[in-house]
Every structure is written in C-alpha cells, then in structure tokens.
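Here's the structure we're looking at; comments come further down.
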Amino acid sequence: MIDTHAHLLSFKDVDEIIRSMEDDELEYIVNIGTTVKDSKKGIRLAENYERVYTTVGIYPEFSLNVKEEDLKVIEELAKHEKVVAIGEIGLDYHRPEHDKKSQRELFIRQLEIADRLGLPFCIHCRNAADDVYEILLENKHLINHGGLMHCYSEGKEYVQKFLSLGLHISFSGAITFKKNDRSFLKDIPLDKILVETDAPYLSPEPFRGKENRPERVRVTAKKIADELEIDYREFEKQVSKNAKEFYFKIKNI
Ligand SMILES: [Zn+2]
C-alpha cells in the first residue's frame with residue numbers, strides 16, 4: 001500500500017515512522033511540500049529514504065508572501081529525481097481575510113511549472129470548488145501530465161466536473177467520518193481513485209481527533225472498499241497501481 005499524501009516533516013520522529021513502514025506493509029510514502037523551505041527539507045528526506053518520495057510547492061494560504069524568486073526555486077527543486085509532483089497547490093477560502101487574487105495567481109503559476117516540467121500536480125481545495133474548477137477549465141492546456149484533487153471533500157456535486165478534466169480523486173480519513181456522504185464513490189471509475197492520510201491530520205474513524213499515521217491509509221481504503229462492495233485486497237492492489245501510474249516517477253524497488 002502507498003500513502004499518497006503525508007506531511008512527514010510535521011512528525012516529531014520521522015525516522016520512527018519510516019522504520020515501521022515495513023511492518024505496516026507500506027510500500028511508499030509521498031511527502032508533501034507546502035513552502036519553499038519544507039520542499040527543500042522534503043527532498044532531503046527523500047534522498048535519505050529509498051521508499052519516500054516528495055512533492056514541492058507553495059500552499060495557497062501563503063500566497064501573499066511569495067516572491068518571484070520562490071517560484072524559480074520551486075521549479076529548480078522540482079527537477080530532482082525524487083520529486084514526483086507539484087503540490088500542494090490550489091485555493092483555500094476558509095478564512096474571510098484570504099486574498100483570493102494572489103491565491104489564484106500562485107495557483108496558475110504553479111500549474112505552469114508542472115506543465116513545463118512534465119509533472120502531475122496535487123490540488124488543495126477548501127471552500128473554493130467553483131474557482132478551482134473554473135481555473136482548471138480555463139487552463140486545460142496545462143493539464144497534460146495528470147492532476148489530483150487531494151482530500152476530496154466537495155461531494156457528489158463536483159465529482160463529475162473534476163473527473164471530466166481528467167483528474168484523479170484522492171480520499172483522506174475525512175471520507176470515513178460519520179456525517180460524510182459516500183454514496184458518490186460508486187460514480188468514480190476505479191482507476192481514478194487514490195487514497196491518502198494527510199497525516200498527521202485527519203485520522204480516519206475510529207481514530208478521529210488523534211494524530212494520524214501513514215499506515216492508517218488502510219483504514220480509509222477499507223471503508224471505501226466496503227462502500228464499493230469490493231474485496232479489500234483487490235481494492236488495495238488497484239489503488240497502489242493507480243498511485244504508481246499517477247506519480248509516474250516512483251520507481252519500483
Ligand atoms: Zn496536505
């Protein structure tokens with residue numbers, strides 16, 4: 001199994017998490033960048049651990065502090081052999097003071113980087129589904145190497161729209177929460193589904209509220225497989241295959 005989205009640098013003891021990967025039957029972890037600084041640290045981590053890959057990118061909420069130079073650095077870092085995508089990028093409107101204009105600009109600039117380098121991208125979208133969709137539609141020419149909706153939580157209403165753009169849909173522990181609708185999972189082609197933890201955040205039920213760990217990607221996958229009424233092992237095989245196809249720079253060890 002692969003955890004396709006984790007913030008490993010947020011753990012006190014990253015080494016412990018990585019050492020336990022084998023016991024947890026985790027094949028790979030994709031660490032996620034959110035700033036220039038942690039993108040650099042993510043690369044160092046990936047250099048140290050064979051089974052860790054990373055993304056580089058600037059999170060939407062930091063848009064007002066981004067300098068031109070930062071984007072150049074992200075583009076250079078993204079050429080590293082262990083960088084598998086640009087991310088997480090996108091829009092986050094959950095606080096009223098967020099500056100939408102700078103977020104949109106930063107989002108598009110990073111879509112351009114992904115396209116220039118032939119990399120897929122990972123989208124963070126919070127309270128901004130209409131704008132994310134509109135920007136992607138207007139910039140469809142930049143979606144040639146894959147993209148995914150990380151921690152998908154826009155429900156049934158938007159799923160076909162994002163699928164129509166050719167995107168993958170990735171689910172975190174949030175999909176296991178009792179109040180959340182899971183009925184639309186059946187409408188997503190199996191080869192478009194990815195599963196992630198977003199660890200240390202968003203622990204799936206029954207661990208909700210506790211610090212999340214990469215191995216809990218299985219708890220979420222199990223819940224989805226149950227909802228789809230398919231054999232868990234088959235589902236695991238399918239989503240691992242999907243993850244390797246999406247993050248195509250991952251090399252089989
Ligand atoms: Zn994340």
Counting each DSSP H run of 4 or more residues in the chain as -39500 (n - 2.57), what helix-only mean residue ellipticity at 222 nm follows after dividing by all residues, to the nearest 500 deg cm²/dmol? -11500 deg cm²/dmol
What ranking do 10, 172 get, fewest neighbouring Cβ atoms within 10 angstrom at the top? 10, 172
Taking trypsin sites (Lys or Arg not before Pro) in a DSSP loop with at most 13 other Cβ atoms within 10 angstrom as exposed, one finds the longest site-free stretch of the chain at 80-177
Let me have the relative contact order for the stretch 2-246, percent, based on Cα pairs under 8 Å that are six or more residues apart. 17
In the stretch 76-144, the GluC sites (Glu not before Pro) that sit in a DSSP loop and have at most 10 other Cβ atoms within 10 Å of their own Cβ are 97
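Each reported figure results from applying straightforward, stated rules to the coordinates on display, with no laboratory input. Just so we're clear, the structure is a prediction, and the values are computed from it rather than from any experiment. Counting neighbours? That spans all protein chains shown, and the Cβs are built from the backbone with ideal geometry, glycine included.
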